[in-house]
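The values are calculated or read from the model by the stated rules, or taken from the named source; none is laboratory data. Everything numeric here is computed off the predicted structure, so don't read it as measured data. For neighbour counting, all protein chains shown are included, and Cβ atoms are generated from backbone atoms with ideal geometry for every residue, glycine included. Ligands, DNA and RNA are stripped out before the accessible areas are found, and what is left, the full protein with its side chains, is counted by its heavy atoms. Shrake-Rupley method; radii C 1.70, N 1.55, O 1.52, S 1.80 Å.
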Amino acid sequence: MRTYLVGGAVRDRLLGRAVADRDFVVVGATPQAMLDHGYRPVGRDFPVFLHPHTHEEYALARTERKSGHGYHGFAFHAEPSVTLEQDLARRDLTINAIAQDEHGALIDPFGGQRDLEARLLRHVTPAFAEDPVRVLRVARFAARFAPLGFRIADETLALMQQMVAAGEIDHLVPERVWQETRKALAEPTPSAFLRALRACGALRVLFAEVDALYGVPQRAEYHPEIDTGIHIELVLDMAARLAPDDDLVAFCALTHDLGKALTPAAELPRHVLHERRGVAPLRALCARLKPPAEHCALAELVCRHHLSAHRALELRASTLLRLLESLDCLRRPERLSPFLLACEADARGRHGYAETAYPQAGRLHAALAAARAVEAAPLLAQGLQGPAIGAALRKARIRAIAALGNQAP
């Protein structure tokens, strides 16, 4: 019975990155032996146990065989005769197929250290093609490690293209697609996730509404990058910079301009009413992938109102209040910050605008504070009742916002 540290913990230590979670594989053991040592079983599909003291995961070495379509289409085989190399062979990328024994020695049968040095994301064996989730995982690792100079190996990208062409990713369940997407959106360079999926053809299958944005022109005086798809990539990376690890803001950034794919050709490169046209494809995307309800709700608000946010310094007090009411910020003030972060990412996610200030955010935060500071008690003391109270409260809020002047404090 031998225990090895495996996967991301070994990889990240070799890269000099902080190690968050540690996973172990156990060779030469049976489930009963693990129970006898006090480990607690938690695996449903294959034997995984929690250490009795550290509560870290220990999985029995196993092999797997394709038995059907999709992520769950596998039969697992775990018994004492399964070797460490056999267990590592079933992993997705060589950089994730390095093990470390209790003395710190590395076991690297597939050249993971070499690929770490070469900054390559390379599949371990052709069995990679049997699991469609791995297409998303490679794209997610591209988003994580792009700042370090990693790229997808040519042969791995070719294999991903073959998987898409064979229809293997058509069998992915929405929940798993969203799970991987959510993680990718929280990575430092989520644009690399889009580029990887687009390069293998998976973007048009899984995110057709986003894929349709590539090649759609915008007015060069406002968008020097011109291509709407490139704009989305810039906005995503700016969102990661402004709101690190925040997949909610990133999802809003990803979907805010879906309406531009629906602009009639005769109107290009202008996109009048794209904020309205974008609602239908956004709802279709949400219905298909099933993100959390707040992701869908806030993304729709950003889609509808990001242009109004950009004009916040020009809007009258009454219009500012209407915007805040549309966002439901008087009742849910915590909603304003992620909304504005997504809007700021949109404004700065353009070639040449990355370091541009976004004073509109300060203006709207100040307007919300002023509006929420207005109390109903004095109006009640005047004897107002029913709808008259609401009307008077609204007028008082408009006056409070107007008193701020044109600039935020």
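Rolling a 1.4 angstrom probe over segment 66-203 with all protein chains present gives an accessible area of which 50% lies on carbon and sulfur atoms. Under 1.5 on a/c is rounded, so check that first for segment 209-367, then, if it is not, pick prolate when a/b is larger than b/c and oblate when it is not; a ≥ b ≥ c are the square roots of the alpha carbon gyration tensor eigenvalues. Verdict is rounded for segment 209-367. Rounded to 0.05, the FRET efficiency of the residue 23 and residue 222 pair, given R0 = 45 Å and the Cβ-Cβ distance, is 0.40.
Each Lys and Arg contributes +1 and each Asp and Glu -1, all at the Cβ; summed about the Cα centre of segment 279-409, the dipole is approximately 280 debye. Entry note, the chain: relative contact order of 10 percent, from Cα contacts under 8 Å with a spacing of 6+ residues.
Take every pair of alpha-carbon atoms less than 8 Å apart whose residues are at least six positions apart; their mean separation over the length of segment 162-274 yields a relative contact order of 28 percent. Dividing the C-alpha radius of gyration of segment 246-308 by 2.2 N^0.38 Å, with N its residue count, gives 1.10. Accessible surface for the chain, divided over its residues, is 45 Å² per residue with a 1.4 Å probe. Near residue 315, once Lys and Arg are set to +1 and Asp and Glu to -1 for all other residues with Cβ below 10 Å from its Cβ, the sum equals +3.
The Cβ shell under 9 Å around residue 213 holds other residues with a net charge of -3, Lys and Arg each +1, Asp and Glu each -1. Per-residue ellipticity at 222 nm, computed for the chain from helices alone with -39500 (n - 2.57) per DSSP H run of at least four residues, works out to -14000 deg cm²/dmol. Build a GNM of the chain with springs between Cα atoms under 10 Å apart, and of 167, 352, 383 the one that fluctuates most is 383. Springs between Cα atoms under 10 Å define the GNM used for the chain, and in it the highest mean-square fluctuation of 32, 161, 179 occurs at 32.
Left without a cysteine partner by the 4.7 Å Cβ rule in the chain: 200, 252, 303, 329, 343. For segment 104-164, a/c is not less than 1.5, where a ≥ b ≥ c are the root eigenvalues of the C-alpha gyration tensor, and a/b does not top b/c. That puts it in the oblate class. Classified by the C-alpha gyration tensor, segment 197-262 has an oblate form. Its axis ratio a/c, with a ≥ b ≥ c, is 1.5 or above, and a/b does not exceed b/c. Overall, the chain carries a charge dipole of about 1600 debye about its Cα centre when +1 sits on the Cβ of Lys and Arg and -1 on the Cβ of Asp and Glu, all other atoms neutral. Taking the 1.4 Å solvent-accessible surface of segment 269-387 as the whole, the part contributed by carbon and sulfur is 55%. Treating each Cα of segment 326-381 as one equal point scatterer and applying the Debye formula with no solvent, the log10 of I(q)/I(0) at q = 0.20, 0.22, 0.29 Å⁻¹ comes out as -0.77, -0.86, -1.14. If you run the Gaussian network model on the chain, springs between alpha carbon atoms under 10 Å, then out of 131, 101, 245 the most flexible one is 101. At 1.306 mPa s and 10 °C, plugging the Kirkwood radius over alpha-carbon pairs of the chain into Stokes-Einstein gives what diffusion coefficient in µm²/s? It diffuses with D of about 66 µm²/s by this estimate. Diffusion coefficient of segment 84-235 by Stokes-Einstein, Kirkwood radius over Cα pairs, 37 °C, 0.692 mPa s: 199 µm²/s. Here the dipole of segment 77-229 is about 420 debye; that uses its Cα centre as origin and unit charges on the Cβ of Lys and Arg (positive) and Asp and Glu (negative). Centre-to-centre separation between the Cα atoms of segment 299-352 and those of segment 143-214: 30 Å.
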